[in-house]
Amino acid sequence: MEKCGWALQSPQMQDYHDKRWGRACHDERLLFEYLVLEMMQAGLSWAIVLKKQAGFRRAFDDFDYQKIATYNEEKIAALCQNPAIIRNRMKIQAVVANARAYLALQATFGSFDAYIWSFTNSQVIHHQWHNEEEIPSQDALSQKISKDMKKRGFRFVGPTIIYSYLQAIGVINDHVLLCPCYKEIVSASQVK
């Protein structure tokens, strides 16, 4: 059995692949964390984001979106000087805007989890890719969710970022067929 090729880049990438990527996530804080990490990755490699994940946790109050929603310009300026994170002002401002939009969405749907999983009727989409080259960077679902989230005030949520997000939180199972994680996720999604 062969793992997804990207997982073999480093022990950190392998750990992320084996334990987190593609596993169904329903925890509100983790869902927000993954959203932040995916948007921070825009234009960069996932390896860079993983290396800075602990720094992001410290800088963004353990991804407490209620706290982040209260950040002011002074806090944003301080974050822009923090070498432990990606110091892109537009992305940092988007994290704050997204925390506010996240709270508004929770008020409407009861939870972000209910919102994001409603697009697939709470079902995992299991693609059947033979190799990584077949995996798209976006699809009709990510385009639909991206459009809806932008309408609700989210930023840095284009269809490619949303597709990666859906993969990360397990809405989409894009492990290649021969990867041991593929079957694990299929089995886990059938047990309810």
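Go through segment 10-19 residue by residue and tally those that are surrounded by 15 or more Cβ atoms within 10 Å (Cβ to Cβ) and touching a residue at least 24 places away in the same chain (Cβ under 8 Å). Residues that pass the stated criteria total 4. Being touching a residue at least 24 places away in the same chain (Cβ under 8 Å), within 24 Å of residue 24 (Cα to Cα) and of a type in the set (Gly, Ala, Ser) is a property that does not hold for residue 107. Applying the condition of being acidic (Asp, Glu) and on the phi > 0 side of the Ramachandran plot to segment 57-114 and asking which residue is surrounded by the fewest Cβ atoms within 10 Å (Cβ to Cβ) yields 62.
Every number in this text was worked out from the coordinates using simple rules, so none of it is lab data. This is a predicted model, so every value here is computed, not measured. Backbone-built Cβ (ideal geometry, glycine too); neighbour counts: all protein chains shown.
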